[in-house]
1. I'd like the full set of residues that are buried (at least 18 other Cβ atoms within 10 Å of the Cβ) and touching a residue at least 60 places away in the same chain (Cβ under 8 Å), limited to the stretch 168-187.
2. Would you check if there is a residue in the stretch 145-163 being assigned to a helix (DSSP H, G or I), surrounded by fewer than 19 Cβ atoms within 10 Å (Cβ to Cβ) and within 17 Å of the chain's Cα centre (by Cα)?
3. From the list 178, 204, which one is over 19 Å from residue 39 (Cα atoms) and assigned to a strand (DSSP E or B)?
4. How do the pairs read when you match residues in the stretch 188-215 that are without any contact (Cβ under 8 Å) to a residue 24 or more places away in the chain and at positive phi with residues anywhere that are exposed (fewer than 15 other Cβ atoms within 10 Å of the Cβ) and not in a helix (DSSP H, G or I), using Cβ under 6 Å and keeping only pairs 6 or more apart or on different chains?
5. Looking only at the stretch 115-142, which residues are surrounded by fewer than 18 Cβ atoms within 10 Å (Cβ to Cβ) and in contact with a helix residue (DSSP H, G or I) (Cβ under 7 Å, 6 or more places away or on another chain)?
6. Can you pull out the residues in the stretch 39-49 that are in contact (Cβ under 8 Å) with a residue 40 or more places away in the chain and more than 15 Å from residue 121 (Cβ to Cβ)?
7. What number of residues within the stretch 143-158 are touching a helix residue (DSSP H, G or I) at 6+ places or on another chain (Cβ under 7 Å) and within 17 Å of residue 206 (Cβ to Cβ)?
């Protein structure tokens with residue numbers, strides 16, 4: 001039986017972004033756990049280039065404000081060498097370049113996490129090469145501090161851990177590259193098996209404690 005007064009939401013990667021976004025919209029959630037998340041809303045992924053960047057999320061039929069700027073070619077030229085060598089592409093530098101290039105768009109796309117109606121736990125890998133989850137989680141942390149957020153909040157960032165460690169508790173942590181099912185590109189996840197393994201075990205223990213304490 002579901003207790004409607006003790007609802008939490010969690011997700012990883014784009015799901016972590018969505019968890020923060022849904023928590024900021026729907027007050028029913030009393031706790032949010034966002035793993036390797038983004039504190040910004042990004043556009044859709046895998047659409048036709050001629051269509052431009054499309055929204056990933058809609059609210060009441062309207063696009064949620066997102067990082068909708070055109071991708072500057074200079075931000076992704078570094079990927080050519082990785083493709084030529086058949087190596088996983090680290091996309092974190094491209095995300096960082098866009099964030100640095102378009103600070104006004106960062107402001108409009110920042111998730112209003114201060115509206116969340118409960119405790120918030122952010123989890124990131126400091127060597128995340130899929131996207132800069134530590135920096136983007138820090139954006140949410142800064143916003144919570146600036147708004148004197150009334151509920152508990154914390155950010156667990158793990159040195160040496162990449163993007164994949166938060167996929168499932170106690171799962172194998174040797175995957176440091178991944179072929180995306182939408183665009184077929186081989187991406188680098190970052191991290192190393194030892195650091196990823198430590199992060200997944202420690203974070204799962206702390207997630208369970210967080211949910212017991214705040215639900």
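1. Result: 176, 187.
2. Step one: list which residues in the stretch 145-163 are assigned to a helix (DSSP H, G or I), which gives 145-146.
Retained after the next criterion (residues that are surrounded by fewer than 19 Cβ atoms within 10 Å (Cβ to Cβ)): 145-146.
Now narrow it down to the ones that are within 17 Å of the chain's Cα centre (by Cα): none.
Checked against the condition, which is being assigned to a helix (DSSP H, G or I), surrounded by fewer than 19 Cβ atoms within 10 Å (Cβ to Cβ) and within 17 Å of the chain's Cα centre (by Cα), the stretch 145-163 yields no hits at all.
3. Working: 204 fails: assigned to a strand (DSSP E or B).
It is 178.
4. Listed pairs, sorted by first residue: none to list.
5. Once the filter is applied, which keeps residues that are surrounded by fewer than 18 Cβ atoms within 10 Å (Cβ to Cβ) and in contact with a helix residue (DSSP H, G or I) (Cβ under 7 Å, 6 or more places away or on another chain), the stretch 115-142 yields only 115.
6. 40, 41, 42, 45, 46
7. Within the stretch 143-158, the subset touching a helix residue (DSSP H, G or I) at 6+ places or on another chain (Cβ under 7 Å) is 143-144, 147, 149, 152-153, 155-158.
Filter once more, keeping what is within 17 Å of residue 206 (Cβ to Cβ): 152-153, 155-158.
The total comes to 6.
Yes or no, residue by residue, for (1) modelled with pLDDT of 95 or more; (2) within 14 Å of the chain's Cα centre (by Cα); (3) in a helix (DSSP H, G or I):
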position	(1), (2), (3)
1	no, no, no
21	yes, yes, yes
46	no, no, no
50	no, no, yes
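The values are calculated or read from the model by the stated rules, or taken from the named source; none is laboratory data. Keep in mind that this is a model prediction, so the values were computed, not measured. A quick note on method: Cβ atoms are made from the backbone with ideal geometry, for glycine too, and the neighbour counts reach across all protein chains shown.
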